[in-house]
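The values are calculated or read from the model by the stated rules, or taken from the named source; none is laboratory data. The model shown is predicted, which means the values in this text are computed figures rather than measured ones. Note: ideal-geometry Cβ built from the backbone for every residue, glycine included; neighbour counts use all protein chains shown.
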């Protein structure tokens with residue numbers, strides 16, 4: 001396994017338009033993902049927190065994270081649930 005394969009970003013997101021329907025707060029998501037990283041011996045390069053809906057494209061923090069992944073800073077993303085990354089993936 002090369003040195004970059006265990007380097008991940010943590011991404012948490014909480015929609016601002018449906019606060020009452022959110023299952024996990026950002027702090028809950030972070031705690032669970034940090035625990036997972038420790039358990040699986042994953043190096044967390046950076047943590048990204050976004051408070052914006054995924055219904056429409058154009059989340060600036062998510063976009064920054066993807067650019068940094070493309071630059072080779074990390075090989076993956078830890079997210080609490082796939083819907084934190086995208087609502088309706090294209």
Answer residue from region 13-62, given it is surrounded by 14 or more Cβ atoms within 10 Å (Cβ to Cβ) and part of a strand (DSSP E or B) and is modelled with the lowest pLDDT among those: 13
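How many of the residues in region 63-85 are at pLDDT below 90 and surrounded by 13 or more Cβ atoms within 10 Å (Cβ to Cβ)?
4
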